[in-house]
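Engineer: Structure in structure tokens, see below.
The values are calculated or read from the model by the stated rules, or taken from the named source; none is laboratory data. All figures in this text were calculated on a predicted structure; none of them were measured in a lab. For neighbour counting, all protein chains shown are included, and Cβ atoms are generated from backbone atoms with ideal geometry for every residue, glycine included. In case anyone asks, the SASA skips ligands and DNA or RNA and just uses the protein heavy atoms, side chains included. Shrake-Rupley method; radii C 1.70, N 1.55, O 1.52, S 1.80 Å.
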Amino acid sequence: MSSLLCMCLSTFTSCGVFFLQMGWGDLGAFGEPSKETPNLDQMASEGMLFLDFYAASPLCSPSRAALLTGRLPVRNGFYTTNAHARNAYTPQDIVGGIQDSEILLPELLKKAGYTNKIIGKWHLGHRPQFHPLKHGFDEWFGSPNCHFGPYDNRALPNIPVYRDWEMIGRYYEDFKIDLKTGEANLTQIYLQEALDFISKQQASQQPFFLYWAIDATHAPVYASKHFLGTSQRGRYGDAVREIDDSVGKILKHLQKLGISENTFVFFTSDNGAALISAPKQGGSNGPFLCGKQTTFEGGMREPAIAWWPGHIPAGGVSRQLGSVMDLFTTSLSLVGLQPPSDRQIDGIDLLPAILQGKLIDRGLAGILGTAYGNKGDKSLRTVAWVGENTLFITGKNIQEYIGWLQNIILV
Ligand SMILES: *[C@@H]1O[C@H](CO)[C@@H](O)[C@H](O)[C@H]1NC(C)=O
């Protein structure tokens with residue numbers, strides 16, 4: 001997994017949990033055999049599981065840009081070209097980022113009186129004009145980039161950590177990540193930030209949007225001491241267990257404060273498990289081919305759970321073809337706002353699927369409009385996608401799918 005999106009939208013509180021690089025097959029609810037995600041599995045049993053839910057890109061920056069704009073990466077500017085112009089992705093040595101002309105979900109929610117916070121990795125540009133507080137967020141605790149490193153040098157310093165406008169330290173130096181043991185307290189710090197933020201908003205009766213974008217499952221994966229060595233799946237599994245535990249604590253906190261029925265929570269990931277980090281630091285894409293950085297199912301298809309007690313029928317399973325871009329339109333719908341009408345919005349409102357079990361017809365091209373792959377334009381031709389009980393495949397490795405799905409059509 002690459003990133004967890006926990007969206008909390010309250011009164012509607014909206015709470016988004018966005019895993020980094022988490023694979024479809026990483027959750028017990030999706031069949032992971034060691035069943036080490038009891039809290040996420042419970043979240044699914046109390047809410048709705050989406051089996052056909054997709055990232056907008058098999059890479060973090062474009063997927064996040066799509067989530068927050070409701071638009072395909074090819075429209076919001078986070079795409080690559082066959083010549084590999086690197087504007088798809090924003091590590092610290094890339095100068096690009098989210099454009100002012102894009103309208104982000106928190107900008108719209110702010111107009112409806114919401115307080116918006118991002119905790120964790122932003123990844124839509126690190127220069128001042130791209131700062132989350134310039135794009136609708138009221139608060140930020142986290143970093144502009146992934147916790148790669150340590151660079152420990154002048155040319156590439158370690159990645160900074162921010163509280164709102166202020167840089168408060170750097171990974172490895174002030175926010176320790178022990179590369180040898182994998183110990184870091186960051187998930188605990190991000191969890192505490194989330195709990196404190198929710199308490200503060202509840203105490204002042206303030207509707208909020210929380211985008212909890214943690215990154216412990218992105219290599220180098222990390223976990224705090226309490227979780228290290230506890231998983232059957234190695235250090236990656238330790239990180240998953242800590243995230244699972246944290247999601248459970250966030251949901252329990254909402255219940256304890258009496259706002260769970262006013263809070264819509266969605267959990268998903270920004271791209272599939274990174275097989276390049278496997279076997280020690282990569283997750284599982286279940287039965288699906290390949291992973292992060294490919295447009296195969298393993299790179300794009302994500303675990304997804306919607307939770308909203310008292311509203312979403314417990315234990316629901318949806319075959320709705322969904323996308324992270326839908327969370328933009330769905331969140332607006334929850335607060336009674338219309339999506340912007342002056343531009344193409346690709347996300348659809350999932351509430352009929354979530355609340356009434358409807359299946360909304362939509363074009364496949366509408367969610368798989370971009371590609372990023374090591375094979376350049378060839379990745380476009382090897383894309384595989386799933387329709388209602390039917391798998392369409394172009395390319396090779398078809399054997400891997402047989403036995404998992406009822407119908408296979410070669411195109
Ligand atoms: C994590 O926090 C504990 C308790 O405060 C501390 O002993 C430990 O050194 C911290 N670990 C890291 C890697 O920062």
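Engineer: Somewhere in the range 191-207, is a residue buried (at least 24 other Cβ atoms within 10 Å of the Cβ), within 14 Å of the ligand (Cβ to nearest atom) and not charged (D, E, K, R)?
Structural biologist: No, because not a single residue in the range 191-207 is buried (at least 24 other Cβ atoms within 10 Å of the Cβ), within 14 Å of the ligand (Cβ to nearest atom) and not charged (D, E, K, R).
Engineer: Is one or more of the residues making up the range 86-96 crowded, with 17+ Cβ neighbours inside 10 Å, touching a Gly at 6+ places or on another chain (Cβ under 7 Å) and closer than 21 Å to Phe208 by Cβ? First the steps, then the outcome.
Structural biologist: The first filter runs over the range 86-96 and keeps only residues crowded, with 17+ Cβ neighbours inside 10 Å, leaving 87-90, 92, 96.
Filter again for touching a Gly at 6+ places or on another chain (Cβ under 7 Å), leaving 87, 90, 96.
If we keep only those that are closer than 21 Å to Phe208 by Cβ too, we end up with none.
No - not one qualifying residue is present in the range 86-96.
Residues checked against (1) more than 16 Å from the ligand (Cβ to nearest atom); (2) of a type in the set (Lys, Arg); (3) under 19 Å from the mean Cα position of the chain (by Cα); (4) buried (at least 18 other Cβ atoms within 10 Å of the Cβ):
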| position | (1), (2), (3), (4) |
| --- | --- |
| Gly120 | yes, no, yes, yes |
| Leu124 | yes, no, yes, yes |
| Pro157 | yes, no, no, no |
| Trp165 | yes, no, no, no |
| Ile168 | no, no, no, no |
| Glu173 | no, no, no, no |
| Ile177 | no, no, no, yes |
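A quick yes/no check of all residues on (1) touching an Asp or Glu at 6+ places or on another chain (Cβ under 7 Å); (2) of a type in the set (A, V, I, L, M, F, W, C); (3) open to solvent by less than 20 Å² (accessible area, probe 1.4 Å):
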site	(1), (2), (3)
Pro220	no, no, no
Gly234	no, no, no
Gly248	no, no, yes
Phe266	no, yes, yes
Ser269	yes, no, yes
Ala278	no, yes, no
Gly282	no, no, yes
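Engineer: Something else about it: Within the set of pairs 6 or more residues apart or between chains, which connect a residue that is without any contact (Cβ under 8 Å) to a residue 60 or more places away in the chain inside the range 159-180 to a residue that is assigned to a loop (DSSP other than H, G, I, E, B) and within 11 Å of the ligand (Cβ to nearest atom) with Cβ atoms less than 6 Å apart?
Structural biologist: Note: pairs meeting the criteria are Ile177/Tyr222.
Engineer: Considering only the range 32-65, state which residues are part of a helix (DSSP H, G or I) and either among the charged types (D, E, K, R) or open to solvent by 20 Å² or more (accessible area, probe 1.4 Å) (or both).
Structural biologist: Going through the range 32-65, the residues part of a helix (DSSP H, G or I) turn out to be 38-46, 60-65.
Selection gives Pro38, Asn39, Asp41, Gln42, Ser45, Glu46, Arg64.
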